[in-house]
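Novice: Following this message is one structure expressed as structure tokens.
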Amino acid sequence: MKLQLTAACALVCGIALRAQTTVPVSQQVDLSDRSAWSELFDGKTLAGWDGDPKVWSVQDGSIVGSYNTPSGTRNGGTYLVLKNLTPASFELKLEIKLEGEKPDSGIQYRSYLTPPRPDPNPPPQDPRWNMGGYQFDVHYLDSWTGQIGENGPRARGILAKRGQMVKAEAGKPPQLIGDLGSLESLGKFYKLGEWNQVYLIVRGHEFIQIINGHVMAILIDDDATQSRPSGLIGLQCSGPGTLKVSFRNLWLKEIE
């Protein structure tokens, strides 16, 4: 089967399919490059963001979401929502660190606010800060980090696991069309409890998720019945017990 890919996707695929263990640090995203990029966080306040003040704060120049509950206690989970911006095609770069018992986080994109699903087990999620849409997953479970998921009403769940290039079309299950590396080998590039660099490319129907200079997953979403052309960006804080998720150096570049 021949694949027709855009130049951007073909370039990133080429990088991914080369020996990923040899990518030098100099080829990672330059966080100091700010030409044509917009700063999403001023390092001091949550201006421009909306979230539960009991969960989200600014600490040492980072956005921090945290819970401080006994081990095993179920927390509601919530999102910090970037206000007044619904980009279509864009690039997003940031750093993220997960700490604690079982932290669950990620970056929502092309997303929307939606009531949480009914859940008989307290505590409930606050509907003011619950999101549906695509997610760049970052999780304490090694096998989840880097995958492309979708949550919310009529969500399709996991669309591309780490190491997969997937194409979605209407009326068909998502189809694996290429391998980027094994789940295990790519997982070695993510460091739980340390700062990790996230780079997200969203162009038209193509989504490319990169961690620490290594392509984790690619989705081509040609399902017009499910795909979203634009939407909100958000940061997730979830998981049981005491945990902390931190974000810094958040920059966005919209693409015409």
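The values are calculated or read from the model by the stated rules, or taken from the named source; none is laboratory data. Because the structure is a prediction, the values reported are computed rather than measured. We place every Cβ from the backbone using ideal geometry, glycine too, and count neighbours over all the protein chains shown.
Novice: When the stretch 121-151 is examined, which residues are found to be in a loop (DSSP other than H, G, I, E, B) and surrounded by 21 or more Cβ atoms within 10 Å (Cβ to Cβ)?
Specialist: 130, 145, 146, 147
Novice: While we're looking at this one, here's another question. Is one or more of the residues making up the stretch 61-70 surrounded by 15 or more Cβ atoms within 10 Å (Cβ to Cβ), at pLDDT 95 or above, in a strand (DSSP E or B) and over 19 Å from the mean Cα position of the chain (by Cα)?
Specialist: Yes - at least one qualifying residue is present in the stretch 61-70.
Novice: Among 190, 199, which is assigned to a loop (DSSP other than H, G, I, E, B) and touching an Asp or Glu at 6+ places or on another chain (Cβ under 9 Å)?
Specialist: 190
Novice: Filter the stretch 220-244 down to residues that are in a strand (DSSP E or B), more than 13 Å from the chain's Cα centre (by Cα) and surrounded by 17 or more Cβ atoms within 10 Å (Cβ to Cβ), then give me how many there are.
Specialist: Qualifying residue count, the stretch 220-244: 5.
Novice: Within the set of pairs 6+ apart or on separate chains, which have a first residue in the stretch 163-182 that is within 14 Å of residue 148 (Cα to Cα), a second that is polar (S, T, N, Q) and modelled with pLDDT of 95 or more, and C-beta atoms under 6 Å apart?
Specialist: These pairs meet every condition: 163/182; 167/175; 176/164.
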